[in-house]
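The values are calculated or read from the model by the stated rules, or taken from the named source; none is laboratory data. Values in this document were obtained by computation on a predicted structure and should not be read as measured data. Using ideal geometry, Cβ is built from the backbone for each residue, glycine included, and neighbour counts are taken over all protein chains shown.
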Amino acid sequence: MKRHSQNLLRLEPIQNGRKKTKFTAAKNDTPHRLSRGGYDLLERRIVEDKLKRRQVESPSAEHMCPPSPPGRCDLWVLARTTSEGNMTSERTLQVSQRIVS
């Protein structure tokens, strides 16, 4: 019985931390759709796409300058856009419209 109570005492801080995280996540009204790669992977994909488009447009160019990285506002909007082109929430749509305009 003593061992059981010691295990419960060890779990208490973890459960408190989990509750705090759930509370914080519930307040997030503009969630992003990025996975483990995060913003770094999104930025890398955008730069690669820009480079591919440049190569298609002018395949004879030998020395191409690397494309400029996307702006923070562009990354924010793209991170919250689903594959169908919709925003993750109504609040996200409102914020993205303010960013774009």
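Points worth noting:
- Condition met for Asp74 (closer than 16 Å to Val100 by Cβ and charged (D, E, K, R)): yes
Here is a yes/no grid of residues against (1) surrounded by 10 or more Cβ atoms within 10 Å (Cβ to Cβ); (2) modelled with pLDDT under 85:
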| site | (1), (2) |
| --- | --- |
| Arg10 | no, yes |
| Gly17 | yes, yes |
| Arg33 | yes, no |
| Tyr39 | yes, no |
| Arg45 | yes, no |
| Lys50 | yes, no |
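- A search for C-beta distances below 6 Å between a residue of the stretch 72-88 that is over 12 Å from Tyr39 (Cβ atoms) and any residue that is assigned to a loop (DSSP other than H, G, I, E, B), counting only pairs 6+ apart in sequence or on different chains, returns Met87/Arg80; Thr88/Pro31; Thr88/Arg80.
- In the stretch 53-101, the residue that is nearest to Pro31 (Cα to Cα) out of those that are loosely packed, with under 13 Cβ neighbours inside 10 Å and among the charged types (D, E, K, R) is Glu90.
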